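Read through the structure below, which is laid out as structure tokens, and then see the notes.
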Amino acid sequence: MKSMKSAAQAGFTLIELIVVIVILGILAATALPKFVSFGSDARAASMNAARGAMAATASMVKGRFVVEGGKNTTTAIEGTTVTYTPTYGYPQADAGFLLAAGLNSSDYVTVVSGATNTPTVTTGQVAVVPASIAGTTAAVTCYAIYTQPTATAQTGVAAAVTTGC
């Protein structure tokens with residue numbers, strides 16, 4: 001003889017569905033903070049990569065300057081004209097240097113001195129912030145900056161600030 005109750009029950013009960021939803025909610029609430037911090041970690045890694053690209057490009061430009069005997073005022077790297085700092089041979093801090101380093105406008109925003117919500121940039125410096133946070137308060141503490149040399153014994157210096165990414 002067949003039981004009527006087993007034939008009528010073909011799905012989950014309301015209580016079972018609520019328990020599953022509550023468990024999924026708890027799991028999501030504990031996992032969400034981990035995923036939220038990935039954006040910050042990615043921006044910090046991007047700024048460190050930008051710093052590395054700036055340092056490598058500065059070294060490459062200085063090497064070209066030395067090989068050329070210091071006779072030229074510019075050099076072409078990846079189809080981009082880079083201007084040497086007078087007598088020092090490192091690249092000038094400008095848009096050409098950023099393009100040669102591969103820091104283009106699709107990923108980064110070039111910092112203009114005195115703009116709102118940007119790091120402080122002085123003469124002889126150029127900085128980039130991630131395009132995703134450009135113009136926000138986070139851009140003040142999440143950037144990569146290059147400083148051209150101002151004396152013979154100095155080198156071009158690239159740095160990254162990632163405290164607020």
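Descriptive notes on the structure:
- Residue ranges of strands (runs of 3 or more DSSP E) in segment 60-165 with at least 1 members closer than 30 Å to Val36 by Cβ: 108-110, 125-130, 143-147, 157-161
- Sub-8 Å Cβ pairs linking a first residue in segment 25-39 that is in a helix (DSSP H, G or I) to a second residue that is modelled with pLDDT under 85, at least 6 apart or interchain, number zero.
- The one condition in (1) buried (at least 21 other Cβ atoms within 10 Å of the Cβ); (2) at pLDDT 90 or above that Gly96 fails to fulfil: (1)
Listed here are the residues, each with its yes/no results for (1) surrounded by 17 or more Cβ atoms within 10 Å (Cβ to Cβ); (2) in contact with a Gly (Cβ under 8 Å, 6 or more places away or on another chain); (3) farther than 19 Å from Thr57 by Cα.
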| site | (1), (2), (3) |
| --- | --- |
| Val111 | yes, no, no |
| Pro119 | yes, no, yes |
| Thr122 | no, no, yes |
| Ala127 | yes, no, no |
| Ile133 | yes, no, yes |
| Ala138 | yes, yes, yes |
| Gln148 | yes, yes, no |
| Thr155 | no, no, no |
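- Inside segment 51-68, residues that are surrounded by 17 or more Cβ atoms within 10 Å (Cβ to Cβ), of a type in the set (Gly, Ala, Ser) and either modelled with pLDDT under 90 or farther than 11 Å from Val82 by Cα (or both) make up a count of 2.
The values are calculated or read from the model by the stated rules, or taken from the named source; none is laboratory data. Every value quoted in this text rests on a predicted model; they were computed, and no experiment measured them. Every residue, glycine as well, gets a Cβ built from its backbone with ideal geometry; the counts of neighbours run over all protein chains shown.
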